[in-house]
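Supplied in structure tokens, the structure appears directly below.
No lab work stands behind these numbers, since they all come straight from the coordinates. Worth saying up front: this structure is predicted, and the values here are computed from it rather than measured. Cβ: placed from backbone, ideal geometry, glycine included. Neighbour counts: every protein chain shown.
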Amino acid sequence: MAAELSRLRIDKSSKQNDGPSPWAVRWILSVVALLVIAGLGGWVWTLMNAETPVRVERVRNAQSSGAAPVADVALNATGYIIAAHKIEVASKVVGRVSWIGVEKGDRVKRGQVIVRLEDDEYRAQLQQAQGRLKSLQAQLQELEAGSRPQEIAVAQANLNQSRADLERERLNLDRIRKLVQEGVFAQQQLDDANAAYRSNEARMQSLEKSFELVELGPRAERIASVQGQLMEAQGSVAFFETQLSNTIIRAPVDGTVLEKNVEIGEFVTTSFVGERGAKGYVVSMADLNDLQVELDISQNDFGRIGPKQQAVVTTDAYPDRKYDGIIQEISPEANRQKATVQVKVKILAPDALLRPDMNASVAFLSDNPRAEVSNAGPAKPLIFVPAAAVRDGTVFLVLNGRAVARRVTVGGSTSQGLRIEDGLIGGEDLIVNPPDALQDGARIQVVESR
């Protein structure tokens, strides 16, 4: 065995296989392709059989027993409730908030203090202006009063003293001149005496003019100049008093605080407002007893409405509550991009349930309401459905968990909804607001039923 084993050798000349065979590669690719196809098929099947959530409402048959007045609706439209006059209360001065007296939702009266700003700087500026005003008032009083008797007496005394000095210098000059002529004094002494006399003479003339000015009092131009400075100082005091009073921000009207924009310690400015810098206003408020519905009416439907037309307003939040309204404003120009005209409907008697920015539906009433009358045979049933349930003359009903499309004939629009002339008899389960992608036979899931 040892001899035989020693003769065994490995043939290194044979080519080694460095990769899988072509058959194995084809088999792996086929498996991967089958898995991908199966996944896509399952995904498509899931989409096709997914249940669409819908809201369902039972169609009611309102059988008429004779003449049943029906308020015709000229047009239905949707929009948003807005405050007729929304105010952003801003500050007239720059400052830091030191006190806030309101919160969001608080009702305030006109003139009520809502915010106070720090006022140390404004008080200091007012005090400075008041001091300058008092100084100028004193100057003006002094000028208008003229010279006091004591001042006139002092000026007279100074003038008399100068005259006496001048007379003494004249006598001294005459004596020296005589002695010079006799040769006792030199010419220099005469020149000195003459200069002293001329100096005293000039001084006396100056004191005479000063005495005249003291007697006349201040000039009118000087008084007018001080009066002008006094008016300027009075204006400065009034300005800084106004600035100080503006640090107290009051409510301009009666209303409700919709938003509080600042907190204590934040800075309020009257100029450029940055995203994270000073605030441009402190609160926004509005009178919630004066509400409107803002709508964009298509130009194709604009001819159905007119000024002061009556309307009925409902909201998505409270669909059972109806509010009387009237067209208050029609925009004088149309929106070119949207091909609409903006209309505002005033809510005549709003209550505490209405809020700005709520969705609202408006039914514009026709000027000529008519009655449904049937003189032959039994009265025709009245079927009304929500306007959102009808899509291109088709409604969707619920049957065995699937959506079933049914064609209907719409007779007109009323405050109760769209009147159905044909296609429904009452008692059907109607999909109230079918999605745009809903198709006939699609599986559905009822999320709400009424």
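Taking 7 Å along the Cα-to-C-beta vector as the label spot, tell me the ARG123-ARG355 distance in nanometres, rounded to one decimal.
The answer from the label model is 4.1 nm.
For GLN234 and ASP440, compute 0.36 nm times the residue count separating them, minus their Cα-Cα distance, and round to one decimal in nm.
65.8 nm
Next question, about the same structure. For q = 0.16, 0.29 Å⁻¹, what log10 I(q)/I(0) does the stretch 397-450 give under the Debye formula with an equal point scatterer on each alpha carbon and no solvent?
Here log10 of I(q) over I(0) equals -0.55, -1.29.
Okay, next question. Using the beta-carbon distance between GLU333 and ARG304 and R0 = 22 Å, what value does 1/(1 + (r/R0)^6) give for FRET efficiency, to the nearest 0.05?
0.70
Further question on the same structure: Could you check the simple spin-label distance between ASP290 and SER245, using points 7 Å along Cα→Cβ, in nm with one decimal?
2.4
Collect residues whose amide H, placed 1.01 Å from N in the peptide plane, falls under 5 Å from the amide H of ILE114; neighbours closer than 5 in sequence don't count.
Those qualifying (amide H under 5 Å, at least 5 residues apart or on another chain) are ILE249, ARG250, ALA251.
Set the Förster distance to 30 Å, then compute FRET efficiency between ARG116 and HIS85 from the Cβ-Cβ distance, nearest 0.05.
Efficiency, rounded to the nearest 0.05: 0.75.
Between the alpha-carbon centers of the stretch 97-121 and the stretch 158-181, tell me the distance in whole angstrom.
83
Let me ask something additional. Highest mean first, what order results for 280-289, 30-39 on Cβ atoms within 10 Å?
280-289, 30-39
Under the Kirkwood approximation applied to all pairs of distinct alpha-carbon atoms, what is the hydrodynamic radius of the stretch 125-241 in Å?
One over the average 1/r among Cα pairs gives 18.1 Å for the stretch 125-241.
Go through LYS104/LYS308; LYS86/LYS308; LYS279/LYS338; LYS104/LYS344 and tell me which ones have a Cα-Cα distance over 29 Å in this structure.
In this structure, LYS104/LYS308; LYS279/LYS338 lie more than 29 Å apart at Cα.
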